[in-house]
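Notes for the one structure printed next.
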């Protein structure tokens, strides 16, 4: 499969596994899982194409269950789903990539999940920079995850290494220059 087709399928998977499963007649089971056979029929793709998209996705956005019969998006849902992720101890510092036009509001109000279920944080500056660059010149924020943990904030980590938390109050945010 060529790169263009791979990207097209990946975008459709993201749309339907994270935001609009009903458009394909799919229902997310507990944990966000969808039977692979139903997904393949709905998208009119082969198992080989699906396997290639999942295996080659640099952000590892999708995961198969242990039986290989179900798939889900690793995080980033706007539809109601409980991924069943256990609380985890984050590194002392995490990062968030954004762009300058959102910076004043973020520093005033903190990070909020907006239309998603959790705030997404990165373990490295490079990853945060890549995330922020999707919307323009990136601005990187350092998150005092140790301080948040000490204050009782919970964190989870998705299958693809994205750190999730309900919100980040502004007192735990610092701009990286």
Can we say residue 4 is at pLDDT below 95, out of contact with any strand residue (DSSP E or B) (no Cβ under 8 Å at 6 or more places or on another chain) and farther than 30 Å from residue 155 by Cβ?
yes
Answer with yes or no whether residue 116 is touching a residue at least 24 places away in the same chain (Cβ under 8 Å), out of contact with any strand residue (DSSP E or B) (no Cβ under 8 Å at 6 or more places or on another chain) and surrounded by 15 or more Cβ atoms within 10 Å (Cβ to Cβ).
yes
From the option list 98, 7, 46, single residue qualifying as under 24 Å from residue 161 (Cα atoms), surrounded by fewer than 16 Cβ atoms within 10 Å (Cβ to Cβ) and either touching a helix residue (DSSP H, G or I) at 6+ places or on another chain (Cβ under 9 Å) or not assigned by TED's automatic domain parsing to the domain that holds residue 172 (or both) is 7
If we ask which residues in the range 138-169 are part of a loop (DSSP other than H, G, I, E, B) and either without any contact (Cβ under 8 Å) to a residue 60 or more places away in the chain or closer than 13 Å to residue 95 by Cβ (or both), their number turns out to be 8
Taking residue 80 as meeting all but one of (1) in contact with a helix residue (DSSP H, G or I) (Cβ under 6 Å, 6 or more places away or on another chain); (2) closer than 25 Å to residue 16 by Cβ, write down the number of the exception.
(1)
Report yes if residue 145 is surrounded by fewer than 16 Cβ atoms within 10 Å (Cβ to Cβ) and modelled with pLDDT of 95 or more, otherwise no.
no
Mind checking whether some residue in the range 112-119 is more than 13 Å from the chain's Cα centre (by Cα), outside the structural domain of residue 16 (by TED's automatic domain parsing) and modelled with pLDDT of 95 or more?
yes
The range 24-43: number of residues that are touching a helix residue (DSSP H, G or I) at 6+ places or on another chain (Cβ under 6 Å) and within 19 Å of residue 86 (Cα to Cα)
0
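The values are calculated or read from the model by the stated rules, or taken from the named source; none is laboratory data. What you see is a predicted model; the values in this text were computed from it and never measured. Note that we place each Cβ from the backbone using ideal geometry, even for glycine, and neighbour counts take in every protein chain shown.
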